[in-house]
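This report concerns only the one structure given below.
Rule-based calculations on the coordinates, nothing more; no lab input. Everything numeric in this text was worked out from a predicted model, so none of it was measured. Ideal geometry is used to build each Cβ from the backbone, glycine not excepted, and the neighbour counts take in all protein chains shown.
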Amino acid sequence: MYKKLFIPGPTQVRDEILQVMATPMIGHRSQDYADLQREVIPKLQQVLYTENLCFLSTSSSTGLMEAAIRNCSQKKVLNTICGAFSKRWHEITLANGKAADPLEVEMGQAITPEMIDERLKTGQYDALTLVHNETSTGVTNPLYEIAEVMKNYPDVCLLVDAVSSMVGIKIEVDKLGIDVCLAGVQKCFALPPGLAVASVSQRAMDRSAEVKDKGYYFDFHVFLKYYERGQTPTTPAIPQIMALNQQLDDILAEGLENRFQRQAEMAKFVQDWARQYFALYSDERYLSNTVTNVKNTRGISVAGLNEELGKRGAMISNGYGPLKEHCFRIAHMGDLTLDDLKWVTGQIEEILGL
């Protein structure tokens, strides 16, 4: 049965976008493809408020997390950890043979500027990783305040996983001085998975030029060589890029501020609903505008709830990792509307007899 997705990725994809993906195929070394990529890049720059390079990668976001690590550190990385996906970045760093230290807080808590400042004062690090919106906990780290602290450390590259926040929460890349800002298109972009995007600063490119043994697939300078031709180094996910081109047009037509406001309104509705019937898991000061993590105070079977929702044409997410059955997550990102969230929460109320 078809289910409307209220999970934090892959998100619901509109039929109009799926139709775009059925466009007849073109050659990835053809002028048609170069024209397509050159249409997409300025729109990506616009939604990210940047003049930086914007690369397209036929990979998951995890691939570009690895790319950021391979290209942007020669000395030591400070990996901030506040949940499962920020922990993954630390694991990626170590797996690539890079020196790294964790800066970890409890799940449900946020990384603060003061914590980062204290660690960077040691002068040990040349890169910092930050998950802007930690999908596993529903926490949005204070990116703007952290970026202010980073300005005191011009030799430290700021690497930001914006996987579940890009085009859902405002990220002014150039104003913030972000060196790599990456995401997959299957979250707030509301596209099928298989494509990741990243803005890359000149500082990151300069650092990459100094780093040896970066491999090939994720070498920023290999990306740049082909980027200048309107191409990608390896075969791109052409249907996803066609869909991205259309979706960027639609996002810009909606208006970025309108889109951010819509996500914020949905978030407030779900958060208020969660407070009424359950509780919120994470620190109230840092709640996400794209996914809410609801604490299972009633001791319900989350798997059972989801099974019943499936019969009604909806799907939410169980708690992630150690939070399974202790929490459940409702996403409110992409092209979902307030009416969609009112409908799915109404279904939950009916199923549970609330």
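Of note:
- Under-5 Å amide H pairs with A100, H placed in peptide plane, nonlocal only: V77
- Zone of N258's modelled label, taken as backbone nitrogen in region 14-51 under 17 Å from a point 7 Å along Cα→Cβ: 47
- Scattering profile of region 197-267 at q = 0.13, 0.14, 0.28 Å⁻¹ [log10 I(q)/I(0), Debye over alpha-carbon scatterers]: -0.60, -0.67, -1.24
- Sites Y226 and A99 - FRET efficiency at Förster radius 35 Å, r taken between beta-carbons, to 0.05: 0.70
- One chain, two ends: A279 and I300. Fully extended at 0.36 nm per residue, the span grows by 6.2 nm beyond their Cα-Cα distance.
- Aspartates and glutamates whose Cα lies under 15 Å from that of K76, excluding same-chain neighbours fewer than 8 positions away: E66, E91, D101, D126, D155, E210
- Inverse of mean 1/r across different Cα pairs in the chain, Kirkwood, Å: 20.7 Å
- With the alpha-carbon atoms of region 1-144 aligned to their principal axes, the span from lowest to highest coordinate is 54, 39, 29 Å, starting with the largest.
- Structure note, pairs K175/K295; K43/K98; K151/K212; K121/K268: Cα-Cα distances above 30 angstrom occur for K175/K295; K43/K98; K121/K268.
- Region 104-178: C-alpha gyration tensor shape, a/c 1.5 cut-off, then a/b vs b/c: oblate
- Cα coordinate range in region 139-202, projected on the principal axes (Å, largest first): 39, 25, 16
- Set of aspartates and glutamates near K342 by C-alpha distance (under 20 Å), chain-local residues within fewer than 8 positions excluded: E265, D272, E307, E308, E350
- Dividing the radius of gyration of the alpha carbons in region 248-354 by their Kirkwood radius gives 0.99 for Rg/Rh.
- Translational D in µm²/s for region 59-192 (Stokes-Einstein at 25 °C, 0.890 mPa s, Kirkwood Rh from C-alpha pairs): 169 µm²/s
- Averaged over residues, the count of other Cβ atoms within 10 Å places the peptides 166-178, 62-74, 268-280 in the sequence 62-74, 166-178, 268-280, highest first.
- N245 versus E325: modelled label distance in nm, points set 7 Å from Cα along the beta carbon direction: 4.9 nm
- Listed by chain and number, the aspartates and glutamates whose alpha-carbon sits under 13 Å from that of K170, ignoring those within fewer than 8 places in the same chain, are E257.
- Model label zone, D155; criterion: amide N under 18 Å from point 7 Å along Cα-to-beta-carbon; scope region 63-99: 72-79, 99
- A helix-only calculation puts the chain at -13000 deg cm²/dmol for mean residue ellipticity at 222 nm, using -39500 (n - 2.57) for each DSSP H run of at least four residues, averaged over all residues.
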